[in-house]
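For reference, the structure discussed in these notes is given below.
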């Protein structure tokens, strides 16, 4: 009888692998139930949704570039990068982010307001943006006229020198 035959080695490998998977699943479920590190993961998914939503729908950048340049380099993101997924819905203007399908966060773009995190179970708030108008009165009185303020001649020489102008 050989000490390590191939059949018993395979059985041991399968048993060890199966036990390892069971332990990891049980530990993960316990962490989720107790909320341990769940809040950190929820913060990561929320921040990812918000960054990508804002920079996609407000700034017009590509979501993949935003993630690679702004989100992924953040401390700790490398630990969950393999499990983090984000989905950009351009029609509905929202971003949904999860880690292993859990810890979902969603950020929705609202025209005139930018992106807003929408928490699970929260009722959406309908807000209409204020009408943009140039003929609205100023909130504060005018403090200076439209002409430049005359000042000290030495200050004027310094300003003109800074901008490469000849002093008058």
Practice problem: State whether the residues of segment 87-95 include one that is surrounded by fewer than 16 Cβ atoms within 10 Å (Cβ to Cβ) and at positive phi. | Solution: no
Quiz prompt | Failed item in (1) at pLDDT 75 or above; (2) in a helix (DSSP H, G or I), with residue 26 passing the rest | solution = (1)
Self-check item: Failed condition for residue 156, given (1) over 30 Å from residue 110 (Cβ atoms); (2) exposed (fewer than 10 other Cβ atoms within 10 Å of the Cβ); (3) at pLDDT 70 or above
Solution: (2)
Self-check item: One residue from 32, 43, 52 being surrounded by 11 or more Cβ atoms within 10 Å (Cβ to Cβ), assigned to a helix (DSSP H, G or I) and at pLDDT 95 or above
Solution: 52
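With the requirement that a residue be within 12 Å of residue 54 (Cβ to Cβ) and either in contact with a helix residue (DSSP H, G or I) (Cβ under 8 Å, 6 or more places away or on another chain) or buried (at least 16 other Cβ atoms within 10 Å of the Cβ) (or both), what does segment 96-118 give you? Walk me through how you get there before you give the answer.
Step one: list which residues in segment 96-118 are within 12 Å of residue 54 (Cβ to Cβ), which gives 107-110, 113-117.
107, 108, 109, 110, 114, 115, 116, 117 - these are the residues of segment 96-118 that are within 12 Å of residue 54 (Cβ to Cβ) and either in contact with a helix residue (DSSP H, G or I) (Cβ under 8 Å, 6 or more places away or on another chain) or buried (at least 16 other Cβ atoms within 10 Å of the Cβ) (or both).
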Quiz item: Looking at segment 55-73, which of its residues are assigned to a helix (DSSP H, G or I) and free of Cβ contacts under 8 Å to residues at least 12 places away in the same chain?
Solution: 64, 65, 68, 69
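The values are calculated or read from the model by the stated rules, or taken from the named source; none is laboratory data. Everything quoted here is computed from the prediction, not taken from an experiment. Reconstructed Cβ throughout: ideal geometry from the backbone, glycine too, with neighbour counts over all protein chains shown.
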